Amino acid sequence: MNLPHLEMRQTAARIGMNITRPQIEQKQTPASLSIEQPRGELSIETVAARLEIDSTQAWIEMGRIPALESVRQYAAYGRQKGQEAVAQRASEGDQLMRIEQGGGTVARIAKANDAPPAEVTTLGFIPRSLDRVKTTFTPAEVRLSYTANRPKIDVETHQPELTVKDGQVEIFLQEQNQLNMWPVGGIFDGEG
């Protein structure tokens with residue numbers, strides 16, 4: 001038995017897409033950098049070295065005496081020599097008072113005053129030792145003070161420049177959907 005029925009053939013629709021990708025361009029300007037380094041401050045303070053030499057004792061041994069000491073010594077020497085001269089004249093006066101006793105008193109006094117005293121020469125070193133010259137040394141002092149100054153850094157940043165070209169998507173119908181139906185069987189078998 002050949003019952004009539006419908007046969008169907010269906011084709012689904014197909015879509016197609018044309019895609020243009022987006023394009024991004026990026027331009028980055030370098031940052032501006034400025035560095036300024038101020039000089040540090042250096043201060044040097046110096047106290048000079050000091051050398052003191054006291055050669056007073058050595059000068060005294062050489063006969064070069066300070067003025068006040070020289071005045072004192074010459075005053076004492078003058079006093080002593082004055083006293084010696086007075087004593088000698090008194091002794092000579094006593095001898096001359098007894099001139100009547102004879103014995104060549106005048107000749108003896110003249111002879112004693114005629115001959116100068118013998119000079120005495122000695123050999124020595126001046127100063128006699130190094131401890132006669134006193135030295136005192138104070139070393140120099142150097143004080144350093146340094147103040148560092150921080151660098152001044154300025155940075156100017158720049159935003160990136162972006163250029164975007166939009167992408168596109170085109171959608172189109174690539175194949176049309178179809179539904180075909182036809183009767184089959186019975187009187188519709190292609191004869192009728």
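Among the candidates Ile44, Ile53, Ile60, which residue alone is open to solvent by less than 90 Å² (accessible area, probe 1.4 Å), farther than 30 Å from Val155 by Cα and of a type in the set (A, V, I, L, M)?
Ile60
For the range 118-151, name all the residues that are surrounded by 10 or more Cβ atoms within 10 Å (Cβ to Cβ) and either in contact with a strand residue (DSSP E or B) (Cβ under 6 Å, 6 or more places away or on another chain) or not in a loop (DSSP other than H, G, I, E, B) (or both).
The answer is Arg132, Lys134, Thr135, Thr138, Glu141.
Considering each residue of the range 3-12, count those that are assigned to a loop (DSSP other than H, G, I, E, B), open to solvent by less than 90 Å² (accessible area, probe 1.4 Å) and over 30 Å from Gly167 (Cβ atoms), and give that number.
Of the residues in that region, 1 qualify.
Yes or no, residue by residue, for (1) at pLDDT 90 or above; (2) closer than 30 Å to Pro139 by Cα:
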position	(1), (2)
Ser34	yes, no
Gly40	no, yes
Val47	yes, yes
Ile53	no, yes
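With the structure loaded, tell me whether Gln73 is polar (S, T, N, Q) and in contact with a helix residue (DSSP H, G or I) (Cβ under 9 Å, 6 or more places away or on another chain) or whether it fails that test.
In short, no.
Does any residue in the range 30-55 that is closer than 30 Å to Lys134 by Cα and among the acidic types (Asp, Glu) come within less than 6 Å, Cβ to Cβ, of a residue that is surrounded by 10 or more Cβ atoms within 10 Å (Cβ to Cβ) and modelled with pLDDT of 90 or more six or more places away or on a different chain, and which pairs are these?
none
Is it true that Thr20 is open to solvent by less than 90 Å² (accessible area, probe 1.4 Å), touching a residue at least 60 places away in the same chain (Cβ under 8 Å) and either more than 30 Å from Arg143 (Cβ to Cβ) or of a type outside the set (Val, Ile, Thr) (or both)? Working first, answer last.
Values: open to solvent by less than 90 Å² (accessible area, probe 1.4 Å): yes; touching a residue at least 60 places away in the same chain (Cβ under 8 Å): yes; either more than 30 Å from Arg143 (Cβ to Cβ) or of a type outside the set (Val, Ile, Thr) (or both): yes.
So Thr20 fits the description; yes.
Quick check on Glu100: is it without any contact (Cβ under 8 Å) to a residue 12 or more places away in the chain, of a type in the set (Asp, Glu) and open to solvent by 70 Å² or more (accessible area, probe 1.4 Å)?
For Glu100, the condition - without any contact (Cβ under 8 Å) to a residue 12 or more places away in the chain, of a type in the set (Asp, Glu) and open to solvent by 70 Å² or more (accessible area, probe 1.4 Å) - is met.
With respect to Ser91, determine if the residue is hydroxyl-bearing (Ser, Thr, Tyr) and surrounded by fewer than 10 Cβ atoms within 10 Å (Cβ to Cβ).
no
The values are calculated or read from the model by the stated rules, or taken from the named source; none is laboratory data. Owing to the predicted nature of the structure, the values given are computational and were not obtained by experimental measurement. Quick reminder, even Gly has a Cβ in these numbers, built from the backbone with ideal geometry, and neighbours come from all protein chains shown. Each accessible area value is taken on the protein alone, full model and side chains, heavy atoms only, with ligands, DNA and RNA left out. Shrake-Rupley method; radii C 1.70, N 1.55, O 1.52, S 1.80 Å.
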